[in-house]
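Derivation of every value follows stated rules applied to the coordinates shown; laboratory data play no part. In this text, all values refer to a predicted model and were calculated from it rather than measured experimentally. All Cβ positions, glycine included, derive from the backbone under ideal geometry; neighbour counts span all protein chains shown.
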Amino acid sequence: MKVEWKRLGDIVDFQRSPIDIAPNDEYSRIGIYSWGKGMMRREPVSGTEMGAMRYFTFPIPSLIFSNIQAWEGAVALASPDDEGFVCSSRFFPYVPRVDTYLNLRYLYEFFRSAPGMTIMRTASPGTQVRNKVLSRSALENSLVPIPSRSDQDRIAAHLDSLARVELAVRPVAFDAILQRDWPCATYKLRDLVTSSARSEAVDKDKVYEMSGVKWYGQGIFVREIKTGGELSATSVRRIKAGDLVYNRLFAWKQSFALATDDGWASNEFPTFKINEELVLPRMLLAVLLSPTFTAAVNDASTGSTPTSRNRLKENDFLNLEVAIPDIPQQPAIERALIAANQTQSLLLHAKTLANTILPAARNEVFSLLNKL
């Protein structure tokens, strides 16, 4: 393959058209994600919300750099989906010169590679983040590898096919397991669990491993280890393995878990013993993490603001209703839930692997061109 090294400014033209902002009109602005992750399309705002910056239309297609984030890979290819959007003066759009036979997607893929990233960083020479501004002249004076048009097309098509492989591997949502048509009975939670508050006075000489509950059903963790003398509270709550535990402050973020070990927590973490004659622990936890129950938690939580200060009080939690399958059916459902979780983990691992294919292939292709 023959490769010519060409000055970027000799094969592309900087092109954008200024617009006058009308206060009563609406405008949709673009942004660009870092690390070559493409275009950000913002919601429309009125002209009065556009601020004092100058705004422009840009060609479709065009290769667009963010002049304040190019040093961390903020480059995107404008597509027909970007028709009607505008950009501020912080964005540099480029189009191929007519006589260059340039495949713009090839050039886009080059700037998403390690060699392209090096060019963008070199052209953004500031010593601090706020000063790392892309210099147009430095960018346009950079040399880029340009093979024949047919080779450009082949490289772009190859990388595009790998991108489709990456998109094909998606984690599958298993919420549908809980939507199956099993015979269910409706219970108040106070019929399924019993409060097991084991509050004890703090011993200032004792070491306490204080537990927390992660958001979105991610389990219990040790968040800090302190002596009683270092704790601000005068009492702590004892957690026993098998307890159902939730965080009153973040129940609205699905902060429910089953304790696998004994531990300690503050009084913000109510604990309960599950009546396993009516419901299996994993079955109950799955229901508590369902979208339907999360909506009920949001309605029942109270506080001074609608976000982090919302608490789900213990009595309000116990009065919430849940739909539980008959106990003879629950073991099979529980096994399905376990299998779903395992499959979810495998799919996430597969997606992680798929996500590495395209960057690796891109870097390999353009590193080889650097040697030609």
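Candidates 52, 114, 76: the one that is out of contact with any Asp or Glu (no Cβ under 7 Å at 6 or more places or on another chain) and crowded, with 21+ Cβ neighbours inside 10 Å is 76.
Among the residues of region 201-215, those that are of a type outside the set (A, V, I, L, M) and over 24 Å from residue 316 (Cα atoms) comprise 203, 204, 205, 206, 208, 209. Given (1) part of a strand (DSSP E or B); (2) within 24 Å of residue 337 (Cβ to Cβ), where does residue 210 come up short, assuming only one miss? Every listed condition holds for residue 210 apart from (2). Residue 100 meets the stated requirement of being closer than 12 Å to residue 8 by Cα and either touching a residue at least 12 places away in the same chain (Cβ under 8 Å) or crowded, with 21+ Cβ neighbours inside 10 Å (or both).
Filtered by the rule that a residue be of a type in the set (A, V, I, L, M, F, W, C), without any contact (Cβ under 8 Å) to a residue 40 or more places away in the chain and over 11 Å from residue 317 (Cα atoms), region 283-297 gives a lone residue, 295.
Cβ-Cβ contacts under 7 Å between residues 6 or more apart (or on different chains), taken from a first residue in region 113-126 that is more than 17 Å from residue 64 (Cα to Cα) to a second residue that is of a type in the set (Val, Ile, Thr) and outside any helix (DSSP H, G or I), are listed as 126/133. The single condition among (1) more than 21 Å from the chain's Cα centre (by Cα); (2) small (Gly, Ala, Ser); (3) at negative phi that residue 34 does not satisfy is (1). When we screen 282, 237, 223, 248 for residues that are over 32 Å from the mean Cα position of the chain (by Cα) and either surrounded by fewer than 18 Cβ atoms within 10 Å (Cβ to Cβ) or not aromatic (Phe, Trp, Tyr) (or both), the only hit is 237. The listed residues are 94, 108, and the only one of them that is closer than 20 Å to residue 40 by Cα, part of a helix (DSSP H, G or I) and not hydrophobic (A, V, I, L, M, F, W, C) turns out to be 108.
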